[in-house]
1. Return the pairs, sorted by first residue and then second, in which the second residue is charged (D, E, K, R), the first residue lies in the range 158-180 and is in contact (Cβ under 8 Å) with a residue 60 or more places away in the chain, the beta carbons are less than 7 Å apart, and the residues are 6+ apart or on different chains.
2. Could you check how many residues of the range 5-43 are among the basic types (K, R) and surrounded by 15 or more Cβ atoms within 10 Å (Cβ to Cβ)?
3. Filter the range 177-196 for residues that are surrounded by 13 or more Cβ atoms within 10 Å (Cβ to Cβ) and either modelled with pLDDT of 55 or more or within 22 Å of W47 (Cα to Cα) (or both) and give the result.
4. Restricting the search to the range 149-176, which residues are open to solvent by 50 Å² or more (accessible area, probe 1.4 Å), of a type in the set (A, V, I, L, M) and touching a strand residue (DSSP E or B) at 6+ places or on another chain (Cβ under 7 Å)?
5. Restricting to the range 118-141, and then to whatever is open to solvent by less than 10 Å² (accessible area, probe 1.4 Å) and free of Cβ contacts under 8 Å to residues at least 40 places away in the same chain, can you tell me which residue is nearest to the chain's Cα centre (by Cα)?
6. Go through the range 142-161 and give me each residue that's over 17 Å from the mean Cα position of the chain (by Cα) and outside any strand (DSSP E or B).
7. Regarding L44, is this residue touching a residue at least 40 places away in the same chain (Cβ under 8 Å), part of a strand (DSSP E or B) and of a type in the set (A, V, I, L, M)?
8. Here's a check for you: in the range 99-117, which residue that is farther than 30 Å from E129 by Cα and open to solvent by less than 50 Å² (accessible area, probe 1.4 Å) is nearest to the chain's Cα centre (by Cα)?
Amino acid sequence: MNGSADVQKIIAATFLLLGAGFLVANARLAFEYARFVKRRRGALLTWRGPKPPYYVLQLAIGVFLGVILIYNVARTYRLYQGFRLDSRIFGQSMMFLYYAYFFPMSLTIGRGFYEDGIWAETTFIPYHEVGGISWREGEHQVTLVVISRLRNLARRLIVPGDKYGAARRLLRDKIGEHVIHFTGTGLDLGAHDERDEV
């Protein structure tokens, strides 16, 4: 009997940890989406990001978790003559929300160029933080590598082929308006036009 109780405690602790981890992930995605909603009126050149590998599988996981969650909520309701939130339901709820709602919602965030910055694949970079840019050309798409002057990190933005020309022009315009400048980043080569970097 003690062995069964120990297993139940381990399962409960596992679901509690999973729930806490997915709660953090859900909060982060909700925050990113709220930032997007606030900025989307200032979109200059945007597009939907590509769907990740195994996207359909991730949606299927969301549906599967939803079925299990409904079953467990109904079972708990029958057992306790009312609803009771335990660690198992908490963990499954957070995972369900991630796979069925927050993750698909995050893919609707428009990648590209806004009035005040660039939305890369993983985060938003204000223009005043851009310390350098570089292009990587592929067969069907081009990748803009954006270097942050504050965090010393490089972020990627996958640019569809039909948006490449417009993206280059927009960057040149922002540099010409001195919204983006590379001074003090190691890319300043003296008296040259920074628009030549684009």
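The values are calculated or read from the model by the stated rules, or taken from the named source; none is laboratory data. Everything numeric here is computed off the predicted structure, so don't read it as measured data. All Cβ positions, even for glycine, are placed from backbone atoms using ideal geometry, and neighbour counts span all protein chains on display. Protein only, heavy atoms only, side chains kept; ligands, DNA and RNA dropped before computing areas. Shrake-Rupley method; radii C 1.70, N 1.55, O 1.52, S 1.80 Å.
1. I158/E121
2. Taking the range 5-43 and keeping what is among the basic types (K, R), we get 9, 28, 35, 38-41.
Now restrict to residues that are surrounded by 15 or more Cβ atoms within 10 Å (Cβ to Cβ): 39.
Summing the residues that are among the basic types (K, R) and surrounded by 15 or more Cβ atoms within 10 Å (Cβ to Cβ) in the range 5-43 gives 1.
3. V179, I180, H181, F182, listed by residue number.
4. A154
5. Once the filter is applied, the top-ranked residue is A120.
6. The answer is R149, L150, R151, N152, G161.
7. yes
8. Filtering first and then ranking leaves Y99.
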